[in-house]
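Report on one structure; see the data block that follows.
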Amino acid sequence: MSQFAFIERGWPDVFEAATRAEGVVRSDPRTACFYARRALELAVLWIYKHDASTKLPYQESLSALIHDPTFKKNAGPALFAKARLIKDLGNLAAHSPKPLQEKDSLRATEDLFHFLFWLARTYSQDAAPPDSLQFDPGLLPTEAVAPKSVAQIQKLESDLAARDEKLFELIADRQNIDAELQRLREEIAAVKAANRARPDDHDYSEAETRDYFIDLLLKEAGWSLSGRDDLEFEVRGMPTKDGRNDGPGFVDYVLWGDDGKPLGVVEAKRTKKDSRIGQQQAKLYADCLEQRYGQRPVIFCSNGYEHWIWDDAFYPPRPVQGFYKKDELELLIQRRTTRKPLAKAKIDEAIVERYYQTRAIRRIGEAFERDHERKTLLVMATGAGKTRTVIALADVLTRCNWAKRILFLADRRALVRQAIKAFKKHLPSSSPVNLLDEKETEGRVFVSTYPTMMGLIDETGDGMRRFGPGHFDLIVIDEAHRSVYKKYGAIFEYFDSLLVGLTATPKDEVDRDTYKLFDLEKGVPTDAYDLADAVREKYLVPAKPVAVPIKFVQQGITYDDLSDEEKEDWDELEWDESGQIPARVEAGAINQWLMNEDTVDKVLAHLMTNGVHVVGGDRLGKTIIFAKNHAHAMYIGERFDANYPHLKGEFARVIDNQITYAQTLIDDFEKPSKAPHIAVSVDMLDTGIDIPEVVNLVFFKIVRSKTKFWQMVGRGTRLSPDLFGPGQDKQFFKLFDYCDNLAFFNANAAGVEGTTSDSLTTRLFKYRLELLGELDRRFGAHGFKAVADKVRDASEPYE
């Protein structure tokens, strides 16, 4: 009988995978580890589906699911450590050519037993398994089976994944959870509360997991632990009870360099103990080793699921996700004597020449060197040269031996390519590597998107991780804010590096949580250079806003809020084939009416007439229209071609991630004289694109992210000398806002001029009346007549 019988009734699919693992522990360790991981994954997916206290992370990978804070809190540190161990062994089974041993499959299966015991004890609606239940290796089957190869395991993995329920499609939008699942969640919550009220006396064999997991992490970092001097190494010079300092001690692990000198010591404590209680003991071991070998090792303390590093020559202890590789520890120790002062380093003026860029580099250097801080936040307006600033910073840190390898993270492929291009131009010696396309290439600067790096963290080769926790000395986070940490915080928890966060959001608009993430006081970044400063000092140009708010796009219409006369008009409208009259029409439905042929045509005509023109006024300047979605963008492009057929379909083009070879359109848009001159964008041009010739921005969608809004505004702020002819530089750009974003963000401030000319105000006033007239026609003769009459009589434009 299977030792997993206690979950057969409640979780039959988990039971099936668990018994497959159990059946081949001794004869096929690779397959056993794979099925242990499979059973874990199914169990974790069940928890996310049925336990409303868990929150879906950024993606549905097992690594992301078990590292999500809500899951870790729910399972607790010991069960999280077991889940991570099972996951890692399963990854090795599917992706490493090295053979797995019986001890590996035994550990994976026993820890799976304990995880599933916790699952059943926590969520079972039947009688929970008794706490005394234990895993017995002696009951495992011994029949021989033909071991599966890595290729066979990978095919099996692919086939099973294709059949699995797509959890994200089911519950990503929690508003659409069906009534049955909602009922189940309520039942599970009550069962969970009742089960947790009982003391849990089960022996989860935490000590064995701790020892095995520490060994696994060390092996993933390349430490073989094969020499007799690695483990329980005896030292002399420890304090004795009678006050002498010549007693013996036994170091749990010593990590040796090729020269026979100690690079690191690892002190392991019981799982239920705080790993930091071993710091003083480990320090004394380091003292003994330093006295004997003339080199002070780096200190690690671990209890199997919490790990701390203490390089006491520079920093206090800090949490770390694993152990450093040999070359990384050698570099840490070498830097104790070879690091050069950052304050005296020359900043390359060929990379940055503006005073605020130099100031930012100096202040970050002070934070790292003088204040021994490891996290910094740089607030700098879009267009003010954030990328060039961090390139010059990378140059300084590299020359001063503070950084050997640097990771630059961005949120889109186009921004990765742009960063690679900038590093190649301004710091070619950095050998920048695009990790999206060159995953195996080595270099000094690596550039990646967040999701790509999340995947690479788990990759192993020959049993070793490609990127260990100590691989990067500096990570640059482009557009650092709370949502990036919420989605991809595991990256910054995993890598033990210096951090530089970049954001264009004005410092007073950066949320408190972002400052907290960088261990900073709210409103006090490491350095700041806001849009208002850049505009005042003529490093950037301001926006001239053209606001045309359409209230109903945002708020929708509620039947009960209408007058009796308006309700009559509402009732007479042909809503749908069923004749059903809704009690409320949401903003999305109103959008369908307002973003129709007549409305889009009017917006395009208004832009073509009133936008900034170049080439002596003959051609609309480079323009970005921010559309709501792909369908909206395509419709705008279609209406433009219908209204301006003489421009032959080249003048305005849709650029989003659904367009094949969209990057070639971006490349053409970046060239001043080449079409397209209007880019209808869905997200792709919202951030990071550096095109100084852009003179018109059109907000044809609602934006409610403060960070994104200021990024989008930044597409127009860059200087463009001689844009209108010799000596006729770009002085401003126009910001056409049809969805009331300016008012929402109170943007008549930093770098956005608050008023337009009288003639433009008059034209806008008339245009608003045209829109109200269109609403009149759409909703009946009386629906908005009263509003329109008030506007016509008003002395000020309609607000």
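What the table shows:
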quantity	calculated
Simple spin-label estimate for Ala190 and Gln728 in nanometres, 7 Å along Cα-Cβ	7.7
Mean Cβ count within 10 Å, highest first, over the residues of peptides 417-430, 70-83	70-83, 417-430
Probe 1.4 Å, all protein chains present, accessible-area order of Ser431, Ser224, Ser27, Ser681, largest first	Ser224, Ser431, Ser27, Ser681
Label-point separation, His372 to Gln295 (7 Å along Cα→Cβ), nm	2.4
Exposure ranking of Thr338, Thr687 by accessible area [1.4 Å probe, largest first]	Thr338, Thr687
Largest-first ordering by accessible area, 1.4 Å probe, given options Arg336, Arg163	Arg163, Arg336
Within straight-line cross-link reach of Lys98, lysines at Cα separation under 20 Å, skipping those fewer than 8 residues along the same chain	Lys87, Lys148, Lys155, Lys219, Lys325
Most to least packed among 728-734, 520-526 [average Cβ atoms within 10 Å]	728-734, 520-526
FRET efficiency for Asn657 and Ala162, using Cβ-Cβ distance with R0 set to 25 Å, rounded to 0.05	0.55
Rounded FRET efficiency, nearest 0.05, which uses the C-beta distance separating Ser149 from Arg466 and R0 of 22 Å	0.50
Relative packing of peptides 201-214, 664-677, 695-708 - highest average C-beta neighbours within 10 Å first	695-708, 201-214, 664-677
Rg/Rh ratio calculated on Cα atoms of the range 1-153 (Kirkwood radius)	0.96
Solvent-accessible surface (1.4 angstrom probe) belonging to Asp598, in square angstrom, nearest 10	50
Centroid-to-centroid separation of the range 446-492 and the range 617-632 [C-alpha atoms, Å]	35
Cβ-derived FRET efficiency at R0 56 Å, Arg183 paired with Gln280, nearest 0.05	0.55
Cβ-placed point charges (K, R +1; D, E -1), dipole of the range 1-155 about Cα centre in debye, nearest 20	480
Residues of type lysines that Lys386 reaches as a straight line, Cα spacing below 18 Å, ignoring anything fewer than 8 places off in the same chain	Lys375, Lys421, Lys424, Lys425, Lys507, Lys538, Lys708
Residue-span extension gain [Arg339 to His95] - 0.36 nm each, minus C-alpha spacing	84.0 nm
Gain upon complete extension [Glu234, Leu719; 0.36 nm per residue less C-alpha separation]	168.0 nm
Backbone N within the range 197-213 under 19 Å of label point (7 Å from Ser53 Cα along the Cβ vector)	197-202
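The values are calculated or read from the model by the stated rules, or taken from the named source; none is laboratory data. On a predicted model such as this, the values are computed, not experimentally measured, just so you know. Because the Cβ atoms are built from the backbone with ideal geometry, glycine has one as well, and the counts that use them run over all protein chains shown. These area figures cover heavy atoms from the full protein model, side chains too; ligands, DNA and RNA do not enter into them. Shrake-Rupley method; radii C 1.70, N 1.55, O 1.52, S 1.80 Å.
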